[in-house]
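Below: the structure, in structure tokens.
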Amino acid sequence: MDFFTFVQLGDASVRMAIPLLLACLAGLFSERAGIFDIGLEGKMLAAAFLSAAVSFASGNVWLGLLAGIGISVLLSVIHGLASITFKGNQLISGVAINFFAAGLTVVIAQGWFAQGGRTPSLPNDARFNGLDFPGALTRFRDKMQASPGMQFYSEFVSGHSILVYLGLLTVPLSWWILYRTRFGLRLRAVGEAPEAVDTAGISVVRLRFAAVAICGILCGIAGAYLSTAVQAGFTKDMTANRGFIALAALIFAKWRPWHALGACLLFSLFFAIDIQFPRLELRVVWIMVLLIGSGVAMTAYALRKDKIDVIVLGGLSLVLALVALLAWRGEMSDEIGAIAALFETVRVPSQLIQSLPYLFVVIVLAGFVGKAIPPRAGGQPYVKER
Amino acid sequence: MSDIAPAIELVGISKAFGPVQANKDISIRVMPGTIHGIIGENGAGKSTLMSILYGFYKADAGEVFISGQKTEIPDSQAAIAAGIGMVFQHFKLVKNFSVLENVVLGAEDGALLRPSLAKARKQLKSLATEYELNVDPDAIIEDIGVGMQQRVEILKALYRQADILILDEPTGVLTPAEADQLFRILGRLKEEGKTIILITHKLREIMDITDTVSVMRRGEMMATVKTSDTNPADLAERMVGRKVLLRVDKVPAQPKDVVLDVRDLNITDDKGVHRLKGVSFQVRAGEILGIAGVSGNGQSELLEVLGGYEKATGEILLNGDPIDLTGAYSDGQSRRARGIAHVPEDRQHEGLIMDFTAWENTAFGYHHDPKYQRNGLLMDNAAILKDAQEKMGRFDVRPPNPLLAAKNFSGGNQQKIVVAREIERDPDLLLVGQPTRGVDIGAIEFIHQQIVALRDQGKAILLVSVELEEIMGLSDRIAVMFDGQIMGERLPDQTNEKELGLLMAGMKDGEAA
């Protein structure tokens, strides 16, 4: 693996991190204000569909983006109505939005375009294309032969769509809003102690709706990015549970913007591996070191924790070790023998690589997060006490 | 006097919640630069009245005048603008914010925080010297004690330029020493010309620091008098509507054999915090041991262990035989079978099931009693109902209707249902937690009499209460808990509130003398 491979991997990580990051920050604003939002997924999906459809029909991707944001904000407002105004259960309203979006996007897409529940492929001028920075190389062959610095500049820095740069900018912006503005102070307060906000004479309802609206805008951008920048059109369930991974990243980041960036980059690295190495081949010995190593690490970690952690993570480690042994055993034959089999190359099943991000999320949430304290008033509607 | 406009004047305030008339045509005048007490039983409408003044509720009728000006208060923002600040019983603070951030919240100067925080920091410094309200502006709320948190609430009001300060039951969470400190601060505020309204049900506080006092009963204003013209017995009578005995009437105890012997009890909770640290004590038959302490110093855990729903290490002997603390018999059922009855601290969550009827509640925990069984398989509801009816009659539960859900009784009557259930079991040991929390004075008198009567039958009683007056009046011996330890034991007639207060604040036994 040369340097360029790593640059490509980093490049893909950043690209795949953007929808996660936007969704994660969307959840951050909502949850920091005390509204749990499990409907990130549905909002992204609806936005992905509508922005692709509008981009296709109008030929203008900015109109598409606007439409995506619009539908996502609309769903957010519905969530807000259910959970803020009518003081309903926030999880149920979120789940409803997810089902609603998953079903309706496909049905409407079929009704409008009759292409099996997808939108037609977007022409290049109805998409967000990569921005080429001055002096950056664009042809793959040129990049391969360029100096490492040039490779980094051309591949990693340049060539992303404008939404990527915007998405990255939302991190410092979110941090600044949360910790340096009056609005941010009140937003954080309303998720921790709405009664303190209320008695200070500020409207809890208005603040929470503002937070939910911001959540909608960010989810809308995330969805539009998926269907108009990463892909050229909408396909069924194209968000691929990113809304839920974003929630996991949010917990991992303990509801802090810069940490959210880190968590999303980490999770997206696995998406990037899937994109960059769909047919990854590794020597058996490396596979074994990786699998058994992570098993040992997990067990060592679990031993310091509760009995239940030891059982769960320890069991998982045993499975990993078993897989490692099977991989080795599979390569052994009379001709080669046990030792030489270690240095055979094996193709890692693509299903395994595809499931890595999800697997990683489960492992992280199973115990590597540490103590994550959600906003205290999260999930509860605010009712004035008598 | 008459040429100065009152700081606050309420005229004909009425407020109803559904069929309940919380405030009935209430008028009150509070002169500037005075401390005005409002006293009344729970549910008398004190808090409702103040919530109307602070813009939390809208009055159905009536007018508010601030410094002689008719003022509409549709929301808290308007109340703050009118110079009213409120310190709630349950603090309205953001726990993981700093003191500074809490003070600034809602009173920021602009869209950006930095200038507001800088200004508030300067302001806090001058308020601190002016009113002796020292608080570290960068401390996080959850790291500082309740006394400090209360100061932050007062600072919040002062930072918003409040001239009128309303305090709702401010001493409920404080040690006596902290309460004295609070009163000094209030005195200081009064000197500076602030007007203070103190809502409380503690007669002593009213007598100690107020200039005038208003008495409320069942939503009505009974009287407003100068504090110097009245006395506690008079106030109590006006609150309840009849003569009340403020002191518990009892003969000296006749302690006999040791019933409960607790030896070196320890609890460490999930977070690794040591909740009980080597607690040892004894309770004899025919005596009441009172455990005093500010809430949260291990008394609840102690009751939970004894009641059988918390595990602990150590040894507990009941009538000389050990009690199972961790094994198969360490549950409430086994405890009751051994003759331990328990009136839990939190009657609404631990003592009763609020949505169940009174008669069902009178049998909880004792369903296995043969007299409640039929054919050994079915519950004999008719028997339970009849039993409940008798109990409710004996304990003067009002209304005496066993078919009513527990939540429809007042606090005092709910407590009587619990006390009736536990005392009527003829236990060897009665555990009582906060028997009169949220209970009106009339019912307090009755419940105290029942506890003393049980003692006189030769039963052992362990009383846990955060009300020092109750502990002093009811106990035959007093143990003080602080930070999971017993700081010392005293006899009620050989100690005073000051000494107990020092022990409650963590002073060592020798130092507190």
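Does the range A:344-358 contain at least one residue that is among the basic types (Lys, Arg), at pLDDT 80 or above and exposed (fewer than 13 other Cβ atoms within 10 Å of the Cβ)? The answer is yes, given that some residue of the range A:344-358 is among the basic types (Lys, Arg), at pLDDT 80 or above and exposed (fewer than 13 other Cβ atoms within 10 Å of the Cβ). Here A:Gly191 meets the list (1) at the interface with chain B (Cβ under 10 Å from one of its Cβ atoms); (2) in contact with a Pro (Cβ under 9 Å, 6 or more places away or on another chain); (3) open to solvent by 10 Å² or more (accessible area, probe 1.4 Å) almost entirely, failing just condition (3). Yes or no: A:Asp237 of a type in the set (Asp, Glu), part of a loop (DSSP other than H, G, I, E, B), touching a residue at least 24 places away in the same chain (Cβ under 8 Å) and more than 27 Å from A:Arg182 (Cβ to Cβ)? The answer is yes for A:Asp237. Within the range B:133-151, if we keep just the residues that are open to solvent by less than 30 Å² (accessible area, probe 1.4 Å) and of a type in the set (Gly, Ala, Ser), the residue that is nearest to the chain's Cα centre (by Cα) turns out to be B:Gly147.
Taking the criterion of being assigned to a loop (DSSP other than H, G, I, E, B) and open to solvent by 20 Å² or more (accessible area, probe 1.4 Å), the residues of the range B:393-409 that qualify are B:Asp396, B:Arg398, B:Pro399, B:Pro400, B:Asn401, B:Leu403, B:Leu404. Within the option set A:Ala229, A:Ala222, A:Ala213, A:Ala196, being assigned to a helix (DSSP H, G or I) and facing chain B (nearest Cβ under 7 Å) holds for one residue only, A:Ala196. In the list B:Ile166, B:Ile199, which residue meets the criterion of being more than 14 Å from chain A (Cβ to nearest Cβ) and under 25 Å from B:Ser14 (Cα atoms)? From the options B:Ile166, B:Ile199, the qualifying one is B:Ile199. Within the range B:53-70, being assigned to a strand (DSSP E or B) and touching a Ser or Thr at 6+ places or on another chain (Cβ under 8 Å) holds for B:Ala61, B:Gly62, B:Val64, B:Phe65. Looking at B:Gly193, is it touching a residue at least 12 places away in the same chain (Cβ under 8 Å), over 19 Å from the mean Cα position of the chain (by Cα) and at positive phi? Yes.
In contact (Cβ under 8 Å) with a residue 60 or more places away in the chain, surrounded by 16 or more Cβ atoms within 10 Å (Cβ to Cβ) and among the small types (Gly, Ala, Ser) - does that describe any residue in the range B:90-108? No: zero hits. Restricting the first member to the range A:157-182 and to residues that are surrounded by fewer than 16 Cβ atoms within 10 Å (Cβ to Cβ), and the second to residues that are in a helix (DSSP H, G or I), the beta-carbon pairs closer than 6 Å and six or more apart or on different chains are A:Arg180/B:Leu113. Look through the range A:327-383, keep the residues that are under 34 Å from the mean Cα position of the chain (by Cα) and charged (D, E, K, R), and return whichever of them is farthest from A:Gln276 (Cα to Cα). If we take residues in the range A:327-383 being under 34 Å from the mean Cα position of the chain (by Cα) and charged (D, E, K, R), then A:Arg376 is farthest from A:Gln276 (Cα to Cα).
A quick yes/no check of all residues on (1) in a helix (DSSP H, G or I); (2) within 14 Å of another protein chain (Cβ to nearest Cβ); (3) of a type in the set (Gly, Ala, Ser); (4) over 27 Å from A:Leu28 (Cα atoms):
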residue	(1), (2), (3), (4)
A:Met144	yes, no, no, yes
A:Met150	yes, no, no, yes
A:Ser154	yes, no, yes, yes
A:Trp176	yes, yes, no, no
A:Tyr179	yes, yes, no, no
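Residues in the range B:303-334 that are out of contact with any Asp or Glu (no Cβ under 9 Å at 6 or more places or on another chain) and either open to solvent by less than 40 Å² (accessible area, probe 1.4 Å) or on the phi > 0 side of the Ramachandran plot (or both): B:Val305, B:Leu306, B:Gly327, B:Gly332. When A:Leu207, A:Leu187 are checked against the criterion of being assigned to a helix (DSSP H, G or I) and under 27 Å from A:Ala17 (Cα atoms), A:Leu187 stands alone in meeting it. Screening the candidates B:Gly293, B:Gly327 for the property of being touching a residue at least 24 places away in the same chain (Cβ under 8 Å), assigned by TED's automatic domain parsing to the domain that holds B:Met507 and not hydrophobic (A, V, I, L, M, F, W, C) yields one hit, B:Gly293. Taking the range B:73-85, which residues are open to solvent by less than 20 Å² (accessible area, probe 1.4 Å) and facing chain A (nearest Cβ under 7 Å)? Matches in the range B:73-85: B:Ser76 only. How about the range B:109-132: which of its residues are more than 31 Å from the chain's Cα centre (by Cα), free of Cβ contacts under 8 Å to residues at least 24 places away in the same chain and part of a helix (DSSP H, G or I)? Within the range B:109-132, B:Leu113, B:Arg114, B:Pro115, B:Ser116, B:Leu117, B:Ala118, B:Lys119, B:Arg121, B:Lys122, B:Lys125, B:Ser126, B:Thr129 qualify. Just one of (1) in a helix (DSSP H, G or I); (2) open to solvent by 10 Å² or more (accessible area, probe 1.4 Å); (3) farther than 17 Å from A:Ser161 by Cα fails for A:Leu45. It is (2).
Please determine whether any residue of the range B:133-143 is more than 18 Å from B:Leu198 (Cα to Cα), assigned to a helix (DSSP H, G or I) and within 14 Å of chain A (Cβ to nearest Cβ). Checking the range B:133-143: at least one residue is more than 18 Å from B:Leu198 (Cα to Cα), assigned to a helix (DSSP H, G or I) and within 14 Å of chain A (Cβ to nearest Cβ). Among the residues examined, B:Lys70 qualifies as at pLDDT 90 or above and either touching an Asp or Glu at 6+ places or on another chain (Cβ under 8 Å) or within 14 Å of another protein chain (Cβ to nearest Cβ) (or both). Within the option set A:Ala340, A:Ala327, A:Ala377, being closer than 23 Å to A:Leu291 by Cβ and buried (at least 16 other Cβ atoms within 10 Å of the Cβ) holds for one residue only, A:Ala327. Looking only at residues of the range B:109-132 that are within 24 Å of B:Gln77 (Cα to Cα) and away from every other protein chain (no Cβ under 14 Å), we find that the one that is surrounded by the most Cβ atoms within 10 Å (Cβ to Cβ) is B:Leu124.
Set side by side, the residues A:Gly117, A:Gly111, A:Gly130 differ, and just one is at pLDDT 85 or above and either touching a Phe, Trp or Tyr at 6+ places or on another chain (Cβ under 8 Å) or open to solvent by 60 Å² or more (accessible area, probe 1.4 Å) (or both), which is A:Gly111.
Residues that are within 13 Å of another protein chain (Cβ to nearest Cβ), more than 18 Å from B:Arg29 (Cα to Cα) and either surrounded by fewer than 15 Cβ atoms within 10 Å (Cβ to Cβ) or modelled with pLDDT of 90 or more (or both) within the range B:43-67 comprise just one, B:Lys58.
The values are calculated or read from the model by the stated rules, or taken from the named source; none is laboratory data. Source: prediction; values computed, not measured. Don't worry about glycine lacking a Cβ; one is built from the backbone with ideal geometry, like all the others, and counts go over all protein chains shown. Ligands, DNA and RNA are excluded from the accessible area calculation, which covers all protein heavy atoms including side chains. Shrake-Rupley method; radii C 1.70, N 1.55, O 1.52, S 1.80 Å.
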